[in-house]
Number of protein chains: 4
Amino acid sequence: MPHHTTGHQMSDKMQHCIANCTECHNICLETANYCIEMGGKHAEAGHVRLLLDCAQICANCADFMLRASPLHPRVCGVCAEVCEQCAVSCEQLGDDEQMKRCAEVCRRCAGSCRVMAGMKM
Amino acid sequence: MPHHTTGHQMSDKMQHCIANCTECHNICLETANYCIEMGGKHAEAGHVRLLLDCAQICANCADFMLRASPLHPRVCGVCAEVCEQCAVSCEQLGDDEQMKRCAEVCRRCAGSCRVMAGMKM
Amino acid sequence: MPHHTTGHQMSDKMQHCIANCTECHNICLETANYCIEMGGKHAEAGHVRLLLDCAQICANCADFMLRASPLHPRVCGVCAEVCEQCAVSCEQLGDDEQMKRCAEVCRRCAGSCRVMAGMKM
Amino acid sequence: MPHHTTGHQMSDKMQHCIANCTECHNICLETANYCIEMGGKHAEAGHVRLLLDCAQICANCADFMLRASPLHPRVCGVCAEVCEQCAVSCEQLGDDEQMKRCAEVCRRCAGSCRVMAGMKM
């Protein structure tokens, strides 16, 4: 998603993180729906819940940055953790194209949220 | 934002509308913050409220499509109306780069939501 | 939830609808989680999706009223429809205490949203 | 808001925190709108942003608990901080009935979120 700010002075790092959170929100919600439709191990409660958790905290995290909230590093910190756990959960389901893509997006989002949270990579 | 679906069969039209809603959510939230910071006519209650309304219904609308909900055309219909009003409100503030960009994104989102809602363009 | 407004002049009807939407959001999200944990017919994709749709549009609808948005009747109209369909879906699963309570709350929320939307009861 | 769980075994402490977060979300959103309408010091960007941050993280926090997410203590921890800062910001505006009530609700929500986060009171 192109995201040019003019009015505000928003750092490239933050714009990048907003784009990652937005993409991660979208793929997690789509993947949750895919997993519920698949049934079986894909629809296991812990996995679906993690996808819904990740979708929600990513949207929230993006919104804190879009509002230029000084509290965004705190939300980014939690978001990084949720994304990381979601990536692991997707990888464990394994040989599935949707899961692989979702894990990849979650991992990338976790990385840029860690940067915004001031954590080490 | 690249958005390739593999598991699902999602139409290009729907993917396009999700991308538009996502972009519109983001710019409306960013613009609401910009307007509150600017103060004066930018921070007029009706205008800020419309930006917040538009940000929220766009996120909601994208999520209905990401869940492949059969009810998405109903939400797209309302979203189109809110986006349209938000575009008008931004245009009336006029000579401002942030407002112009926001109006443009809202107008584009309204258009693709109307398509998804089965309304005439 | 007690909800006394002082600053604003908010009608009893609207306060009532906000409380119904809030309660409906909460029970639908809780029920979605319950259904995913139960598995089987409870976890059928169409049913879970409807619970997630209903949870989200109810939160959105409450927020439009809390912002005193003039566009709230449009969102209330869609919310009433989603709640109605969700109530039916819960009733069809039948002999389950969680489903019965969820159906009841959805039906009540649909009723007060119809009033706010200016629809006939 | 009455909140009886049947299917799940949800602790009283968690039900209490969900109710507090829900109430806090609602009053913060209502108060943000009130402040934007009031203008002047009420509409100062930092204050309005904090009210919007608080409304959003409270909704998010309630949802993590409603989904019985094992990650809820992390979100509750951040929510407690945001609520605390929002309470202070409302108190500084002072002699206003809406601000007093909002500060009170934020402070109560912060307290029960700290409990859920496993922090000391």
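Counts of other chain beta carbons within 10 angstrom of each beta carbon in peptide A:70-80 average 4. A label point on residue B:94, set 7 Å along the Cα-to-Cβ line, lies at 3.8, 6.6, 6.7 nm from each of its counterparts in the other copies, closest listed first. Of the residues C:32, C:45, C:119, the one whose Cα sits farthest towards the positive end of the charge dipole of chain C is C:119 (charges of +1 on Lys and Arg Cβ, -1 on Asp and Glu Cβ, taken about the Cα centre). Taking a label point 7 Å from the Cα of residue C:92 along the Cα→Cβ vector, which residues of region C:45-67 have an amide N closer than 14 Å to it? It comes to C:45-51, nothing else. 3J(HN,Hα) along region B:68-73: 6, 6, x, 8, 4, x Hz, from the Karplus curve 6.51 cos²θ - 1.76 cosθ + 1.60 with θ = phi - 60°, whole Hz, x for Gly and Pro. Label-point spacing at residue B:16 relative to the other copies reads 3.1, 4.5, 5.4 nm, in ascending order, each point sitting 7 Å out from Cα along Cα→Cβ. Distances, shortest first, from the label point of residue D:70 to those at the same position in the other copies read 3.6, 3.6, 5.1 nm; the point lies 7 Å along Cα to C-beta.
Spin-label model, residue D:104/residue A:104: points 7 Å from Cα along the beta carbon direction are separated by 5.4 nm.
Rounded to the nearest angstrom and listed largest first, the equivalent-ellipsoid semi-axes of chain C from its Cα gyration tensor are 27, 13, 12.
Among chain D residues, the beta-carbon with the smallest distance to the axis carrying D onto B is reported, with distance in whole Å, as D:43, 3.
Our coupling estimate for region D:52-58, obtained by passing each phi through the Karplus curve with A = 6.51, B = -1.76, C = 1.60 and θ = phi - 60°, is 5, 4, 5, 4, 6, 5, 5 Hz, Gly and Pro reported as x. Pairs spanning more than 18 Å between alpha-carbon atoms, out of B:41/B:100; B:13/B:100; A:41/C:41; D:13/D:100; B:100/D:41; C:13/C:100: B:13/B:100; D:13/D:100; B:100/D:41; C:13/C:100.
Take each residue of peptide D:20-26, count the partner chain Cβ atoms within 10 Å of its Cβ, and average: the result is 4.
All of the numbers you see were taken from the coordinates with simple rules; none came from a lab. Since the structure is predicted, the reported quantities are computational estimates derived from the model, not experimental observations. Neighbour counts are summed over all protein chains in view; Cβ atoms, including those assigned to glycine, are modelled from backbone coordinates with ideal geometry.
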